Structure formats: C-alpha cells, structure tokens
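Worksheet: the structure to be examined is printed underneath.
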Amino acid sequence: MKNKKEKMRFAVIGDPIEHSLSPSIHLPVLNRLARESDYFKVNVKKGKLEGWIKTVLEEQIDGFNVTMPHKTDIIDFLDELKGDALAFRSVNTVVSCGGSLVGYNTDGEGFHFSLKETGLPLKGSNLLLFGSGGVARTLAIKAALEGAKSITILARSPDKAKKVAKEIVSYGAEVHYGSLAEADYIGRDTNILINATPLGMAGMDGNFINFSFLDRLVKGSLVFDLIYRPMETRLLAEAKARDLGTQNGLGMLIYQGLLADRLFLGKDFDLNEMYQEIKLTLEGKVDR
Ligand code: NAP
C-alpha cells in the first residue's frame with residue numbers, strides 16, 4: 001500500500017451508487033494527467049453527510065463528486081461555493097484545498113459542451129424542457145444565464161414546473177410552464193427540446209404516451225434526451241424518423257466529469273482527446 005500522500009484520492013458519493021460510471025470517466029484522466037490516483041464509489045445515505053465529511057478531512061481526500069440525493073444537502077458542509085453552484089444552489093463537485101471544501105457544479109456546463117457539438121447555441125434559443133426535477137432546474141437556470149430567448153417547462157406536476165419557472169424569471173428569459181399533457185400545443189418557434197424525465201430509460205416501465213408533439217418541431221430542431229441508457233431512446237428514434245437532430249445524455253455525462261477533473265487537478269487540459277477515449281469506453285458499457 002502506498003503512502004496516502006503519494007496518491008491523489010477522489011470519490012463519488014450518492015445512494016444508490018453501485019452502478020455509477022464515474023470511475024470509468026475520471027480514472028483515465030486522473031491517472032494520465034496527475035500522478036497515480038484512486039477514485040472510489042461511496043454509498044452515503046441521505047442524512048449521513050456529516051460522517052462522510054469527517055472522513056474527507058481526516059483522510060485528506062483531495063476531492064469528490066456528488067450525486068443523488070446529496071447535491072443540495074452538501075452545501076451546508078462546504079466552506080465556499082464557486083461558479084454555477086452559486087446560481088444553482090446545487091453541487092456536483094467538491095475540491096478540498098488544504099482542508100477547505102469548495103463546491104462547484106459542472107452539470108450545466110457539461111450539458112452546454114454537449115449541446116455545442118450539435119452546432120446549436122443556447123443563446124437566443126427557444127427551449128422546451130420536459131421535467132422539473134433537479135437537472136431540469138439546473139439546465140433551466142443555465143439556459144437563462146446563457147441568454148436563451150424563451151424557456152418552457154412542462155412537467156407531470158405543473159406546480160413543480162411553476163416553481164422552477166418562477167425561480168428563473170429573474171434571469172431575463174421569457175418563461176412558460178405547464179403540464180406534460182400540453183406538449184402537443186408547443187409553439188412552433190421551439191428549436192431545442194430537452195427530456196429531463198426518466199421516461200424511456202432502460203428498466204423504466206413508462207414512456208411518452210405518444211410522440212405527436214415532435215410533429216410541431218420544425219426542421220433543424222434538436223431533441224436532446226438526457227438519458228444515456230439506452231443510447232437511443234424511443235424519443236430519439238421518433239425524432240430521427242422525423243428528420244430532427246438528436247443528442248443523447250452520454251456527452252453531457254462525460255463533459256461534466258471532465259470539467260470536474262479540471263477542478264480537481266487545477267489544470268485547464270484540452271477536453272477533446274480524453275472525451276473521445278472515454279466515450280468509446282462508455283459506449284461499450286452502457287449498450288451492453
Ligand atoms: P429528478 O430530480 O428525480 O426529476 C425527475 C423529473 O422527471 C421530475 O420532474 C419528475 O416528476 C419527472 N418524472 C419522473 N417520473 C415520471 C413519469 N413517469 N412521467 C412523467 N414525469 C416523470 O431526476 P433528475 O436528477 O432531474 O434526472 C432527470 C433525468 O435526467 C433522469 O433520466 C436522469 O437519468 C437524467 N440525467 C442525466 C444526466 C447526464 O449527465 N446525462 C445527469 C443527471 C440526470 P415529479 O417531480 O412529478 O416526480
């Protein structure tokens with residue numbers, strides 16, 4: 001066993017965490033760009049963050065990623081928030097700087113990098129967002145911060161959509177909200193549709209009742225499904241059949257991880273090369 005100080009040590013915490021792909025994203029980068037590193041998965045139950053933070057400080061863990069259900073609760077245990085985490089009030093990356101814990105959120109920027117691959121800018125776009133959960137809220141704020149023209153949030157619980165809409169209204173975008181059942185009546189100016197619900201995810205029984213809302217989208221529009229298992233959901237297949245652009249959630253997943261590694265290492269390395277390598281590895285894993 002090597003001395004603690006010789007290796008950099010990182011982790012991802014959440015519950016459940018067993019199926020997390022995070023080690024496959026982070027280890028190749030950390031091992032290539034830093035000295036030999038450890039990156040382990042830790043199951044931390046809701047309400048048990050205090051014990052984890054004690055471990056981080058005692059064991060001098062260099063940083064960790066945060067996933068469900070801790071992205072908001074972790075804030076109480078941090079010394080500072082930086083970047084998008086300040087607006088999101090949600091953290092997916094924590095860096096330990098000599099015992100001081102700094103929280104960041106790379107989800108919005110990860111989404112933005114993946115969207116850039118499609119050639120569509122967030123600035124000036126008319127977004128339709130399905131879902132009002134943690135990620136939908138994060139992306140709605142990110143889109144508003146990046147200058148989206150309008151953001152429509154449709155969710156099965158319209159009250160939750162309203163709550164997110166009210167929160168982002170102050171950022172200057174035109175904001176609408178409603179029920180998922182109203183998807184057929186979306187405006188023709190929508191050019192990016194994002195699915196931030198688990199509808200269509202492998203292992204989930206439910207799916208969209210029909211896909212007629214896609215017929216409202218004009219040519220050149222993009223359908224972005226945040227799901228990456230399967231890589232092509234029924235939503236994306238239906239969008240392709242209508243000649244619409246498509247993007248799955250794998251790119252966002254990888255980019256948010258690479259951006260977290262930049263923070264862990266304090267290095268602005270070029271993302272492209274690592275991105276392609278990790279994408280190939282993950283495509284093999286998620287499509288099995
Ligand atoms: P979340 O906080 O649990 O929110 C889920 C949203 O989906 C809520 O609005 C929820 O509505 C809605 N929903 C759940 N089941 C539904 C159903 N049967 N019909 C209609 N709506 C339903 O989850 P999240 O963290 O935001 O994640 C949302 C999706 O994004 C998931 O599919 C997740 O896998 C994906 N994701 C992808 C990435 C990536 O990097 N690609 C990262 C994070 C998440 P209620 O509030 O009414 O329950």
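The values are calculated or read from the model by the stated rules, or taken from the named source; none is laboratory data. Please read these numbers as outputs of a predicted model, since none were measured by experiment. Cβ: placed from backbone, ideal geometry, glycine included. Neighbour counts: every protein chain shown.
Can you tell me which of (1) within 13 Å of the ligand (Cβ to nearest atom); (2) under 22 Å from residue 275 (Cα atoms); (3) without any contact (Cβ under 8 Å) to a residue 60 or more places away in the chain is the one residue 203 doesn't meet?
(2)
Would you please name the residue that is farthest from the ligand (Cβ to nearest atom), looking only at residues in the stretch 226-262 that are of a type in the set (Ser, Thr, Tyr) and not in a helix (DSSP H, G or I)?
Looking at the filtered set, the residue picked out is 246.
For the structure I just gave you, tell me whether residue 218 is surrounded by fewer than 15 Cβ atoms within 10 Å (Cβ to Cβ), at pLDDT below 95, of a type in the set (Val, Ile, Thr) and over 18 Å from residue 109 (Cα atoms).
Against the criterion (surrounded by fewer than 15 Cβ atoms within 10 Å (Cβ to Cβ), at pLDDT below 95, of a type in the set (Val, Ile, Thr) and over 18 Å from residue 109 (Cα atoms)), residue 218 qualifies.
State all residues of the stretch 230-288 that are surrounded by 21 or more Cβ atoms within 10 Å (Cβ to Cβ) and among the hydroxyl-bearing types (Ser, Thr, Tyr); if no residue qualifies, say none.
233, 255
Can you work out which of the residues in the stretch 113-136 that are out of contact with any Gly (no Cβ under 8 Å at 6 or more places or on another chain) and small (Gly, Ala, Ser) is nearest to the ligand (Cβ to nearest atom)?
133
Check off (1) within 12 Å of the ligand (Cβ to nearest atom); (2) assigned to a loop (DSSP other than H, G, I, E, B); (3) not aromatic (Phe, Trp, Tyr) for residue 110 and give me the number that stays unchecked.
(2)
If you check residue 132 against the conditions, is it on the phi < 0 side of the Ramachandran plot, crowded, with 24+ Cβ neighbours inside 10 Å and touching a residue at least 24 places away in the same chain (Cβ under 8 Å)?
yes
Can you spot a residue in the stretch 144-151 that is touching a Gly at 6+ places or on another chain (Cβ under 9 Å) and within 14 Å of the ligand (Cβ to nearest atom)?
Going through the stretch 144-151, the residues touching a Gly at 6+ places or on another chain (Cβ under 9 Å) turn out to be 144-150.
From what is left, the residues that are within 14 Å of the ligand (Cβ to nearest atom) are none.
Within the stretch 144-151, none of the residues are touching a Gly at 6+ places or on another chain (Cβ under 9 Å) and within 14 Å of the ligand (Cβ to nearest atom).
For the structure I just gave you, tell me whether residue 113 is under 17 Å from residue 147 (Cβ atoms), touching a residue at least 12 places away in the same chain (Cβ under 8 Å) and aromatic (Phe, Trp, Tyr).
Details: under 17 Å from residue 147 (Cβ atoms): yes; touching a residue at least 12 places away in the same chain (Cβ under 8 Å): yes; aromatic (Phe, Trp, Tyr): yes.
It is true that residue 113 is under 17 Å from residue 147 (Cβ atoms), touching a residue at least 12 places away in the same chain (Cβ under 8 Å) and aromatic (Phe, Trp, Tyr).
Just to be sure before I move on: is residue 172 out of contact with any strand residue (DSSP E or B) (no Cβ under 7 Å at 6 or more places or on another chain), of a type in the set (Gly, Ala, Ser), modelled with pLDDT of 95 or more and away from the ligand (no atom under 16 Å from the Cβ) in the structure I sent?
no
Checking residue 15 against (1) closer than 28 Å to residue 276 by Cβ; (2) out of contact with any Gly (no Cβ under 9 Å at 6 or more places or on another chain); (3) among the charged types (D, E, K, R), which single condition isn't satisfied?
Residue 15 satisfies every listed condition except (1).
Here is a check on your reading of the model: is residue 222 out of contact with any Cys (no Cβ under 9 Å at 6 or more places or on another chain) and under 19 Å from residue 124 (Cα atoms)?
Yes, satisfied.
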